[in-house]
Amino acid sequence: MVRGKQDAWILLEGVRLVQDALLAGSQISAILVREDRQEELQALQAPSSEAFAVAPALYDRLGSVKNPPPVMALARPPRPFAWQDLPRHADPLVLVVAGVADPGNFGALARSAEAAGARALIRVGPGVQPFHPKALRGSMGSLLRLPVLVEASAEKAQTELEGLGFRQACAATRGGQAPNSMDWSGPLALWVTGETGEQPAVMDGMIGVTIPLAHGVESLNVTVAASLLLFAAGRVAGLQHHD
């Protein structure tokens, strides 16, 4: 995230992510294009006044990666999301992410959550900045569409969700219910922990869900485990897909 004296902006890297931001109605401050790759702008539905050609030597220093894609943009982050904004109808599913430090993992979690029909993503405790450039790239635009709520206290998150009528379950390495025997109905918050496996104390009293694994396999990556459980919740049932 890029911060000025008064405003915060997020860096979008690549034509696809900039296009997703435009389609999502994000406020774009400037679109930057490598001076020798201006033909890349043809794929964007954006006013030409917002685009600026930048000399390659300078452009390559602006991105978050060694060889940035030829189009980038500065945009306002999505509006802040509060507890009272959480949906309470149509059996909402939300993903609660506790302590994920890797921005690529966080972006992948957002992508899976949106694809599985989750209505929001809640980041609890310390962890990655939700709109880190690598998280945005890993989400393939999902972080621009899926509401994200940041809560420092796991205890407050648990209390707020309970007060809003959400049952709460967590991914457990062992000892939990199998996904196919879990009652996924109703408003549900699914908690997953970070790469180290450490979890907030409030998760100890939650319903555990354990993915059966072949003998000798200790555990799954957090993004893989969360994806399997999110889809097991069945919120995409009935959606029509178009080629």
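Condition (residue is in the same structural domain as ARG119 (by TED's automatic domain parsing), buried (at least 19 other Cβ atoms within 10 Å of the Cβ), among the charged types (D, E, K, R) and modelled with pLDDT of 90 or more) applied to the range 176-198: is it met by at least one residue? There is no residue in the range 176-198 that is in the same structural domain as ARG119 (by TED's automatic domain parsing), buried (at least 19 other Cβ atoms within 10 Å of the Cβ), among the charged types (D, E, K, R) and modelled with pLDDT of 90 or more. Residues in the range 75-89 that are within 25 Å of GLU40 (Cα to Cα) and surrounded by fewer than 18 Cβ atoms within 10 Å (Cβ to Cβ): ARG76 only. Among the residues of the range 154-213, those that are among the small types (Gly, Ala, Ser) and touching a Leu at 6+ places or on another chain (Cβ under 8 Å) comprise ALA169, ALA171, ALA189. Would you check if ARG145 is out of contact with any Lys or Arg (no Cβ under 6 Å at 6 or more places or on another chain), farther than 29 Å from GLU218 by Cα and modelled with pLDDT under 95? Spelling it out, ARG145 is indeed out of contact with any Lys or Arg (no Cβ under 6 Å at 6 or more places or on another chain), farther than 29 Å from GLU218 by Cα and modelled with pLDDT under 95.
Taken over the range 206-232, the criterion of being part of a loop (DSSP other than H, G, I, E, B) and either among the polar types (S, T, N, Q) or outside the structural domain of MET182 (by TED's automatic domain parsing) (or both) is satisfied by THR210, SER219, ASN221.
The values are calculated or read from the model by the stated rules, or taken from the named source; none is laboratory data. The model shown is predicted, which means the values in this text are computed figures rather than measured ones. Every residue, glycine as well, gets a Cβ built from its backbone with ideal geometry; the counts of neighbours run over all protein chains shown.
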